[in-house]
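Worksheet: one structure, shown below.
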Amino acid sequence: MSPDPSPGANTAGSTPTTPGPQPEPIRFFGTTWVARDGGYGLRRVAAAAGSLAAAVAACFVLRFAYQGLEIADVGGFVGLLVIVMFAVCSAIAFRRTWEGFGARPADPAREDSLRGLTSIGFIGSLLAYFVRSLQEAPGEKLRRTEYETARAQYEKRRATRTGNPAARKGPKRSRRS
């Protein structure tokens, strides 16, 4: 039998544990980022190590691909173009991924059109994920801000509603004598 989920955790298919807005899960972290419990620190270390290991492995794969170009003797210009292409695409992917941790995209259609470019520069995305995992769960600051804003708005609406029994301070007494 599995243990009960923590109060802030909202597993798939379950009902929310608290009324109001629920935290948005983050990949590899779920909702452990809310209270930073449930192995949050260990997950951050694993995410950082995994993304760095994947970036190093990807660099080896690209090195083997470059050696294949040298064996095929395609020329120095093509080799230089490949190196520049991966470097530029990785830099753009790093920047886009890093910005995505701090703000939602203003134009989702533009993000979709740049998906091919960022997939070519996947090493930059992996490095951005690694660096961000050293500070916090990637995307945590954005989701925490959105969640706290939503909770504050919910509490404000709940407290100011007329006729809400939960917002009343005590039972009203009639002044009949």
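Odds and ends about this structure:
- In this view, the solvent-accessible surface of residue 160, computed with a 1.4 Å probe and all protein chains in place, comes to about 100 Å².
- Distance between the 7 Å Cα→Cβ label points at residue 157 and residue 28: 3.4 nm.
- Those residues of the stretch 111-128 whose amide nitrogen sits under 18 Å from the label point placed on residue 91, 7 Å along Cα→Cβ: 117-128
- Cβ-placed point charges (K, R +1; D, E -1), dipole of the stretch 32-145 about Cα centre in debye, nearest 20: 480 debye
- Between residue 113 and residue 56, the contour length at 0.36 nm per residue exceeds the Cα-Cα span by 17.8 nm.
- A crude spin-label estimate for the pair residue 80 and residue 66, with each label 7 Å from Cα along the Cβ direction, gives 1.5 nm.
- The stretch 28-150, relative contact order [Cα under 8 Å, separation at least 6], %: 36 percent
- Rounded D (µm²/s) - the stretch 30-146, Kirkwood Rh over Cα pairs, Stokes-Einstein at 4 °C, 1.567 mPa s: 82 µm²/s
- Rule-of-thumb Rg ratio for the stretch 94-163 [Cα; 2.2 N^0.38 Å; N residues]: 1.52
The values are calculated or read from the model by the stated rules, or taken from the named source; none is laboratory data. None of the values given here were measured: they were computed from a predicted structure. Quick reminder, even Gly has a Cβ in these numbers, built from the backbone with ideal geometry, and neighbours come from all protein chains shown. Protein only, heavy atoms only, side chains kept; ligands, DNA and RNA dropped before computing areas. Shrake-Rupley method; radii C 1.70, N 1.55, O 1.52, S 1.80 Å.
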